[in-house]
Structures are given as structure tokens and as C-alpha cells.
């Protein structure tokens, strides 16, 4: 079995790492470059960087921060937020990222997934999905709807149908964030995570709601996720990446040991 990955998530606004609950009430909590270095030293498998207002503000991502983070860490680094063209993807990759995450722009113009995969390889293209539980309807049969623009705009798109379409277009990975669970520290949305994981063949990253080590174990077992994003629980000192890996290893879940 492949090792499960633990991926700290840095939501960045105006050059500072920020954290909120269900995409609201964000407060600044630190410098993304210093935080990325700390998590790298703790043994993180990857780092994810989201410029959380770039899409809503219709502007390009902050490449200077991307460069500074990339110079600091030596593990895979994924960047998202406001990326909607091949030129923007190329700029982010040249700034030092290994992967680009597309979310709102991909919903508006799905062909960006295929064009990115053709230009840089599927392994570079991550589909970011922000999903809200709405209950089954004819238009959203799974009961989970895709939302965009930082959770501000409902799309009417079914989450499972979108995940399958994005995979067919060439996405190499899905980062699946539950808005209902985001920032609550009450655990991942396991029903949603298992639904997507069971129906796609590309890796799925569980995101939103991690508050204690048991939540990661559940994401990897019940949710069938390949990786788990963590934010609040490491940002606020509840635990460390090394402690999470020690716990998971003790549960029989394969993880790459921290150095």
C-alpha cells in the first residue's frame, strides 16, 4: 500500500497565512514562508499554498510569495488561487511549484484542465473542489454541490459528476474540501470523501475539518483518502506533523517517517 500523505495547507491573504471557519471570520496567523519551513522540518510530505482571494478579486497569484516558499522547502509544493490560464500555470511552475491547483477557473472553463495536462502533464494538475452539502436534487443527485469564488457562488454542479469529468479531462489529483466541515476541527466530511474516492481512480486529498489525529485515521480508512490536508491543528500548535505520523503509524496506516 502506498504511504498516506499529510499536507499542511497555507491559506494566504495579503501575504499572510490566514484561517477561518467555513470560509468566514479569517484572522491572520503568521508568515507563510516561515510556516512552510517549520512544516517541512517536521516532516510534511507536501505543502499546499492557496491565495484565497485571488479568484474572487480576479487577479493573478502572488508569485513573490510562491518563490520565497519554494526556496525554503524541498518537498512537493502545490499552488492555487486565481489560476485560469496556461501562462499563469507556467509562471507558478517556474516560480518553484511542482503542481498547480485549479478550482473556480476550471468550473468556468473546464478546458483549462485538459490544456494544462497537455502542456505540463497530469501530475501537475490538481482539481480543487469546494463542496457544500445540499441534499439530493435532480440537478445534484449526490447531494453535494460545487461552489466557487471562495465559497461565495453556488454552481448547481454535482460534486461527483464534476470530479469524474475533471478526471476525464486530465486532472491528476483532487483536493476535496468540505465547506461544511472547514475550520470546525470536528472531523472530515467522510461521506463526501468516500463518495469521491470510491468513484475516481486518481488520488483524493481530504480537506476541511481536521482537529485531532483520529480524524486523519478516519479519512484514510472510512474516507478512503490518499492524503489529508491539515491546517488549524498544526497552525495553532495542537500537534505536529511528526506526532501525527507517529500516531498513524501506530494505527497501522503507512506513512513516510519524518526525518
Checklist entry - In this structure, is residue 155 under 29 Å from residue 234 (Cα atoms) and either touching a strand residue (DSSP E or B) at 6+ places or on another chain (Cβ under 7 Å) or surrounded by 16 or more Cβ atoms within 10 Å (Cβ to Cβ) (or both)? => result no
Next on the checklist: I need the full set of residues from the stretch 55-68 which are surrounded by 21 or more Cβ atoms within 10 Å (Cβ to Cβ) and either within 19 Å of residue 182 (Cα to Cα) or modelled with pLDDT of 90 or more (or both), in order please.
Outcome noted: 55
Checklist entry - Hey, does the stretch 32-42 have a residue that's at pLDDT 60 or above and assigned to a strand (DSSP E or B)? => result no
Next on the checklist: If I filter the stretch 133-152 down to residues being surrounded by 20 or more Cβ atoms within 10 Å (Cβ to Cβ) and in contact (Cβ under 8 Å) with a residue 40 or more places away in the chain, which single residue comes out as farthest from the chain's Cα centre (by Cα)?
Outcome noted: 142
Checklist outcome for this item: Across the stretch 180-201, the tally of residues that are surrounded by fewer than 20 Cβ atoms within 10 Å (Cβ to Cβ) and either within 26 Å of residue 105 (Cβ to Cβ) or in contact with a strand residue (DSSP E or B) (Cβ under 7 Å, 6 or more places away or on another chain) (or both) stands at 4
Item to check | Count of residues meeting criterion [surrounded by fewer than 19 Cβ atoms within 10 Å (Cβ to Cβ) and under 20 Å from the mean Cα position of the chain (by Cα)] in the stretch 243-259 | outcome: 1
Checklist entry - From the residues in the stretch 210-223 that are within 19 Å of residue 46 (Cβ to Cβ) and part of a loop (DSSP other than H, G, I, E, B), which one is modelled with the highest pLDDT? => result 223
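The values are calculated or read from the model by the stated rules, or taken from the named source; none is laboratory data. Just so it is clear, the structure is predicted and the values come from calculations on it, not from any experiment. No Cβ is skipped: glycine too gets one built from the backbone with ideal geometry, and neighbour counts run over all protein chains shown.
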